Amino acid sequence: VPGGADIEVTEENLPEYIEASLKHRLLGRYEKQLNELLLGFFDVIPEPLLTIFDFQELELLMCGLPEIDMDNWKENTEYSGDYDREGPNHEVCGWFWEIVSEYDQELKARLLQFVTGSSGAPARGFSSLQGINGRVMKFTIHGVALENCGAFPSPYTKSNRIDLPIYGSKDELGEKLKIAITMAATGFDIE
């Protein structure tokens, strides 16, 4: 904002001040460095070639497929909602882990991305999985009655949680989970 240092912040201009302040702190302060980084990046990979990828595909391309340790993932998973009492011993949770164990590395990475927002497994294992706020937030499977939710699993990336309906069969769970992961990867919502 031209002459912003001389403008007093009032209730009326507070939203404008906050927006300008955030833009400066997140972008303006580092604009030259970001531009140079992008120019260097586009020297290696021309910008038109990148436009065909969404951010999730680009992450997988740049970082590769992670090697996901299923035992570590299972050991460091919490259960809540209708799965709280039985945890991994609940029939649906057992089906979930059987299905995920059969996935190839790409589909496991897409599931992880679907629930946590990142396809990469934590470097120190799933016990150090962080939430959006930077604090450790374990992968959580939250049980919900099928009639109380949509027909598909729902991610809550802020808290690394998947709301997993109580399906009547392993086949139904497998079908709905795969559709949810695939639709999220294409940018379409299933609800």
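The values are calculated or read from the model by the stated rules, or taken from the named source; none is laboratory data. Owing to the predicted nature of the structure, the values given are computational and were not obtained by experimental measurement. Positions of Cβ are generated from backbone atoms using ideal geometry, with glycine treated the same way; all protein chains shown enter the neighbour counts. For accessibility, only protein heavy atoms count, side chains too; no ligands or nucleic acids. Shrake-Rupley method; radii C 1.70, N 1.55, O 1.52, S 1.80 Å.
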- Note on the structure: If every Lys and Arg gets +1 and every Asp and Glu gets -1 at its Cβ, then about the Cα centre the chain yields a dipole, in debye to the nearest 20, of 460 debye
- Given H placed on each backbone N at 1.01 Å, which residues far from Gly81 in sequence or on other chains put an amide H within less than 5 Å of it? Gly143
- Give me the percent of Cα-Cα pairs in the chain that sit more than 19 Å apart, rounded to a whole number. 67 percent
- Simple SL model, points at 7 angstrom along Cα→Cβ for Phe53 and Glu11; separation in nm is 4.9 nm
- Task: First select every other residue whose beta carbon is under 14 angstrom from the beta carbon of Leu39; then total the charges, Lys and Arg +1, Asp and Glu -1.
- Result: -3
- Once you've got the GNM for the chain with C-alpha springs shorter than 10 Å, pick whichever of Leu112, Leu177, Leu27 has the biggest mean-square fluctuation. Leu27
- About its Cα centre, how strong a charge dipole does segment 1-103 have in debye, to the nearest 20, once Lys and Arg get +1 and Asp and Glu get -1 at the Cβ? 460 debye
- Message: So, taking all protein chains as they sit and a 1.4 Å probe, how much accessible area belongs to Tyr30, in Å² rounded to tens?
- Response: 100 Å²
- Treating each Cα of segment 95-161 as an identical point scatterer and ignoring solvent, apply the Debye formula and state log10 I(q)/I(0) at q = 0.16, 0.22, 0.26 Å⁻¹. -0.58, -1.03, -1.26
- Item | Protein-only accessible surface order, largest first, of Phe55, Phe139 at 1.4 Å | Phe55, Phe139
- Message: With a 10 Å cut-off between alpha carbons and a GNM built on the chain, which of Glu86, Glu16, Glu147 moves the most?
- Response: Glu16
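Once you wrap a convex hull around the alpha carbon atoms of segment 1-50, what is its projected area averaged over all directions, in nm²? Provide the component values of the computation, followed by the final result.
Numbers: hull surface 19.0 nm².
For segment 1-50, the mean projected area of the Cα convex hull comes to 4.8 nm².
Considering lysine pairs in the chain that are 8 or more places apart or on different chains, how many have Cα atoms under 16 Å apart? Don't jump to the answer; show the numbers that get you there.
Values: Lys23/Lys32; Lys74/Lys108; Lys74/Lys138; Lys108/Lys176; Lys108/Lys178; Lys138/Lys158; Lys170/Lys178.
Summing the qualifying lysine pairs gives 7.
Excluding His90 itself, calculate the net charge of residues whose Cβ lies under 12 Å from the Cβ of His90, where each Lys or Arg counts +1 and each Asp or Glu counts -1.
Details: positive: Arg85; negative: Asp82, Asp84, Glu86, Glu91.
Here the charged neighbours net out to -3.
Probe radius 1.4 Å, ligands and nucleic acids ignored: give me the carbon and sulfur share of the accessible area of segment 91-191 as a rounded percent.
On the way: 2400 of 4800 Å².
That share works out to 50 percent.
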- Message: Keeping all protein chains in the complex and leaving out DNA, RNA and ligands, what accessible area do you get for Val44 with a 1.4 Å probe, in Å² to the nearest 10?
- Response: 110 Å²
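List the trypsin sites (Lys or Arg not before Pro) within segment 7-85 that DSSP assigns to loop and that have no more than 11 neighbouring Cβ atoms inside 10 Å. Walk me through the numbers before you get to the answer.
Working: sites: Lys23, Arg25, Arg29, Lys32, Lys74, Arg85; in loops: Arg85.
Passing both the DSSP loop test and the Cβ count: Arg85.
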- Query: Where the convex hull is taken over the Cα atoms of segment 1-88, what is its projected area averaged over directions, in nm²?
  - Reply: 12.3 nm²
- Could you pull the accessible area for Met183 with a 1.4 Å probe, rounded to 10 Å²? 60 Å²
